[in-house]
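Chemist: A single structure is presented below for examination.
The values are calculated or read from the model by the stated rules, or taken from the named source; none is laboratory data. In this text the structure is predicted, and so the values were computed from the model without any measurement. Ideal geometry is used to build each Cβ from the backbone, glycine not excepted, and the neighbour counts take in all protein chains shown. When the accessible area is computed, the model is the full protein with side chains, heavy atoms only, and any ligands, DNA or RNA have been set aside. Shrake-Rupley method; radii C 1.70, N 1.55, O 1.52, S 1.80 Å.
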Amino acid sequence: MHQLIQANMGAPEDEEQIKVADVVMPEQKVETQYDTRKPDKPDEPEQPPPEMPEPEYDEPNLDNRINMSAPRASTDLKVGGLGGAFSEGDYLPIVKVQPQYPRRALQRGIEGFVIVEYTVTTNGSVRDPKVVEAYTADGNPTTIFNREAIKSALKYKYKPRVVDGQAMEVPGVKTKISFNMAKN
């Protein structure tokens, strides 16, 4: 310790001061100039433009008349429900949502299809979907697509079956959902 104190007996040397530049933008007054001059009015033409001749039309031949009467329509149209939404008829698909391709199947390059059975309710939604068949493209049974097929089927919307003005449930509706990868 004594050696350290003895080695540092001199006064500190003066260090050169470093000057830091002070960058300040001087205030400038900005003047906005507007062009308030009006354009000059064009000179009047010396001669007015020439008159346009009247077009000549052929006289129509009234011997070949066309029947221009209004078409007749039947007025005994019965529209039930809300704007025809529940008119008589069988159920019809309105919205069919594409399923999400399962990541595992995509990584392994597996294609296939699933047949899903469900009930179309009175309001057109899908209830109780279940997988009936599921196969890969090469014909082997699989369960890799089942979850996504059921999730997709639950999002389907239908026009419900209407009999005598009443919406009816339709059980046993089957749909084939295919899982194919895009070909490049």
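Chemist: I'd like to know if region 64-79 contains one or more residues that are within 30 Å of Tyr158 (Cβ to Cβ), at pLDDT 75 or above and not basic (Lys, Arg).
Modeler: No, region 64-79 contains no residue that is within 30 Å of Tyr158 (Cβ to Cβ), at pLDDT 75 or above and not basic (Lys, Arg).
Chemist: Determine which member of the set Tyr118, Tyr135, Tyr158 is under 13 Å from Lys96 (Cα atoms), in contact with a strand residue (DSSP E or B) (Cβ under 9 Å, 6 or more places away or on another chain) and modelled with pLDDT of 90 or more.
Modeler: Only one candidate qualifies: Tyr158.
Chemist: Can we say Ile110 is out of contact with any helix residue (DSSP H, G or I) (no Cβ under 7 Å at 6 or more places or on another chain), aliphatic (A, V, I, L, M) and surrounded by 16 or more Cβ atoms within 10 Å (Cβ to Cβ)?
Modeler: Considered against the rule, which asks whether it is out of contact with any helix residue (DSSP H, G or I) (no Cβ under 7 Å at 6 or more places or on another chain), aliphatic (A, V, I, L, M) and surrounded by 16 or more Cβ atoms within 10 Å (Cβ to Cβ), Ile110 comes out as yes.
Chemist: Please identify the pairs in which a residue from region 105-117 that is more than 13 Å from Ala137 (Cβ to Cβ) has its Cβ atom under 6 Å from the Cβ atom of a residue that is open to solvent by less than 40 Å² (accessible area, probe 1.4 Å) and of a type in the set (S, T, N, Q), counting only partners at least 6 apart or on another chain.
Modeler: Sorted first by the residue in region 105-117, then by its partner, the pairs are Val116/Thr175.
Chemist: Further question: For region 132-141, give me each residue that is open to solvent by less than 30 Å² (accessible area, probe 1.4 Å) and touching a Phe, Trp or Tyr at 6+ places or on another chain (Cβ under 8 Å).
Modeler: The answer is Ala134, and nothing else.
Chemist: Moving to a separate point now. Please determine, by comparing only the residues of region 143-167 that are part of a loop (DSSP other than H, G, I, E, B) and open to solvent by 30 Å² or more (accessible area, probe 1.4 Å), which one is nearest to Ile94 (Cα to Cα).
Modeler: Looking at residues that are part of a loop (DSSP other than H, G, I, E, B) and open to solvent by 30 Å² or more (accessible area, probe 1.4 Å), I get Lys155.
Chemist: Determine, yes or no, whether Glu59 is modelled with pLDDT of 70 or more, part of a loop (DSSP other than H, G, I, E, B), loosely packed, with under 10 Cβ neighbours inside 10 Å and among the charged types (D, E, K, R).
Modeler: Answer is no for this residue.
Chemist: With respect to Gln17, determine if the residue is at pLDDT 75 or above, at negative phi and within 52 Å of the chain's Cα centre (by Cα).
Modeler: no
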